[in-house]
């Protein structure tokens, strides 16, 4: 028994099947076996990388957040490692954003511009 994404069942793509569960909307394979979404950019925007400082939900400690990079997951992790080494601090990759511990907006901006990215400082 298969269900269609369309409520009337006319046309549309297969999004769920009782034999394998959720399916990828692009390749129609089971989500666990999907290969089309790997190493694809999570975000494709206007091509401008935005850097901002955030403190919300972090106990008052600031982090530098880099958003708008149109890179795959492996490239994003490699760039995060480079930025962390450049600033001499820790950080992580969360939901397609790079978070660097502390306020390092100017250093991150300089490094990203040296790597050929178009960068803007945003927020406070």
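A short reminder: the numbers here are calculations on the coordinates, not readings from a lab. What you see is a predicted model; the values in this text were computed from it and never measured. Positions of Cβ are backbone-derived with ideal geometry, glycine not excepted, and every protein chain shown enters the neighbour counts.
Counting neighbouring beta carbons within 10 Å and listing from fewest to most, the residues 77, 56, 111, 120 come out as 56, 120, 77, 111. Distance between the modelled labels on residue 29 and residue 58, one decimal in nanometres: 3.7 nm (7 Å Cα→Cβ projection). Equivalent-ellipsoid semi-axes for segment 45-110 (Cα gyration tensor, √(5λ), whole Å, largest first): 18, 13, 12.
Give the order of 97, 33, 103 when sorted by the count of other beta carbons within 10 angstrom, beginning with the fewest.
By the 10 Å Cβ count, ascending, the order reads 33, 103, 97.
Normalising by residue count, segment 78-124 has a Cα convex hull of 84 Å³ per residue.
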